[in-house]
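Chemist: Can you keep this structure in mind? I'll have questions shortly.
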Amino acid sequence: MINQMNVKNFKAWESLDISFGKVTGIFGTNSSGKSSLLQMLLLLKQTKNTPDRNIVLDFGDADKLINLGTYHDVIHKHDIERRLSWSIDWQTSQSIKISDPTKSSKSILFSGDQLKTCCESYLKEAALTVDSLKYQFSEHTFEIRPKKEGSTEFDLFPKRKSSSSFGFSRTMGRNWALPKPIKTYLFPDQAKTYFQNADFLSVFESEYEALMDSIYYLGPLREYPKREYLWSGSHPEGVGNRGERTVDAILAATMKGEKRNLGPKRHNKSFQEMIAYWLKELGLINSFRIAEIAPNSNLYRTLVKKEAGASEVALTDVGFGVSQVLPVLVLLYSVPEQSIVLLEQPEIHLHPAVQSQLADLMITVAKTRNIQIIVESHSEHLLRRFQRRVAEEAIVPVDLKLYFFNTIRGKARHEELVIDLFGNITNWPEHFFGDEMAEIAATRKAGLKRRKAAMEEAGE
């Protein structure tokens, strides 16, 4: 779970410092930096995934998670003299224990399950380079940075100062300098050979990679449903950026016999039963299943009943909203527990009542599957349901973070919405969802004007 993220000079953000809950809702105006927050996380995941260790940040292309262009495109105000820096504070997948092999005693020096990594990059002679990389763990900082400003020779810190405090110890031989960090989160391989007690840095790196692997994303534009699907037995990670692997994910979970439940003391449901349950709970359809068209054909159809007693039809023959929310449902229930799910505008093409129910879906999944959800939305109905569930104690305020994003003179800004125990937002931004009172007043004024004109015309 990501606890906090700080970003400087990324797109509209000169500075962003934001904390996350089990469910985090991002609301606000258009072009206010909402998507940029998700893009930063996807950029780091994409960089981790690239096999090219010489790439500092993988800005992507048409075939990757995101395509951000170049450093000039992502740096704040396109000022390539600026430095792009970021840090992430997260809870590790397991408790980490570190000892120092150079000590006579093998006692544990550091332990904990909270890690923070920080990195700063910049352009140098038209090439992106890393200036520093550090991990903070158990109130200690382990860092690689240039020996002096502007130098291409790096060193590990802290240095060994005394036997009573931790410091990196050089191996015997020449005091070789280290090369720069790799891909913004990896220490150079030489760090483990030039120093006697630096092997534990690999633990931090692997935990960072596990964090990036736990991030899943679904974009706002989802594919149209198909009348039939070919499944070759693949087991996709996620459902694809546009939901194009949704049916594959359902079939894979079905073939593995996976089951899900709605909480303690609730009966397990098969994967398809759980998806059908929520589609019905959302008020979209009465039943849902996937069936093979003919034995051993590997061709499948998604079949639904709009209401009890109705004929079973293909998903393509019912309202478009069903196919658009299906990838959201499948993603939330198919990813491993402790995953981080990024959702952009899951409410698209959904009726307002269904948008409200999405909040209940997210709260339920976050609690029962230990999933962290970060959702970017324009839906007032989603927000209002979150407020209601706080008042009803379905979720505690500390587990729910809500933000309002906007821009002022080209710079993105954000404000955390403060929710009290009664579900009230105590710092409601002006014109959050438009000027509702002005709309009501204008409507009534126009109505009175028309009534007056009608009465005059009738001679009353």
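Every number in this text was worked out from the coordinates using simple rules, so none of it is lab data. Quick caveat: nothing in here was measured; it's all calculated off a predicted structure. As a convention, Cβ positions derive from the backbone with ideal geometry for all residues, glycine included, and neighbour counts pool all protein chains shown.
Chemist: Kindly express, to the nearest 10 degrees and within the range 0 to 90, the angle between helix 352-368's C-alpha long axis and the longest C-alpha principal axis of the chain.
Modeler: Here the helix axis deviates by roughly 40 degrees.
Chemist: Take every Cα pair under 8 Å in the chain that's 6+ residues apart, average their separations, divide by the length, and report that relative contact order as a whole percent.
Modeler: For the chain, the relative contact order is 16 percent.
Chemist: Which FRET efficiency, nearest 0.05, do D189 and N49 yield, Cβ-Cβ r, R0 25 Å?
Modeler: 0.80
Chemist: Per DSSP H run of at least 4 residues, take -39500 (n - 2.57); add these up for the chain, divide by its residues and hand me the 222 nm value, nearest 500 deg cm²/dmol.
Modeler: Counting only the DSSP helices, I get -8500 deg cm²/dmol.
Chemist: Next question. Evaluate the chain: find the radius of gyration of its Cα atoms, find its Kirkwood radius, and give the ratio Rg to Rh.
Modeler: Here Rg/Rh amounts to 1.05.
Chemist: On to the next question. Taking the Cβ of V304 as the center, what net charge do the other residues with Cβ under 9 Å away carry, scoring Lys and Arg +1 and Asp and Glu -1?
Modeler: +1
Chemist: Continuing with the same structure: Can you tell me the 0 to 90 degree angle between the C-alpha axis of helix 380-391 and the longest principal axis of the chain, rounded to 10?
Modeler: Taking Cα atoms only, the helix is inclined about 80 degrees.
Chemist: While we're looking at this one, here's another question. Could you work out how much longer the chain between E237 and V398 gets when fully extended? Use 0.36 nm per residue separation minus the Cα distance between them, nm to one decimal. Before the final figure, lay out each step's value.
Modeler: Working: separation 161, 0.36 × 161 = 57.96 nm, distance 2.99 nm.
Extending this stretch completely gives an extra 55.0 nm.
Chemist: Still on this model: Mind checking which aspartates and glutamates have their Cα closer than 19 Å to the Cα of K116? Skip sequence neighbours fewer than 8 apart in that chain.
Modeler: D17, D89, D131, E139, E143, D199, E205, E207, E209, D213
Chemist: Same structure again: Once amide H atoms are built 1.01 Å from N in the peptide plane, which residues 5 or more positions from D131, or in another chain, come under 5 Å H to H?
Modeler: Those lying under 5 Å, H to H, from D131 are E120, S121, Y122.
Chemist: Does anyone have the angle between helix 201-213 and the longest principal axis of the chain? Alpha-carbon axes, 0 to 90°, nearest 10?
Modeler: On a 0 to 90 degree scale, this one is about 10.
Chemist: Using the Karplus equation 6.51 cos²θ - 1.76 cosθ + 1.60 (θ = phi - 60°), what ³J(HN,Hα) coupling, rounded to whole Hz, does each residue of region 40-56 give in order, writing x for Gly and Pro?
Modeler: Values per residue, Gly and Pro as x: 5, 5, 5, 4, 5, 5, 4, 5, 4, 6, 5, x, 7, 6, 8, 7, 6 Hz.
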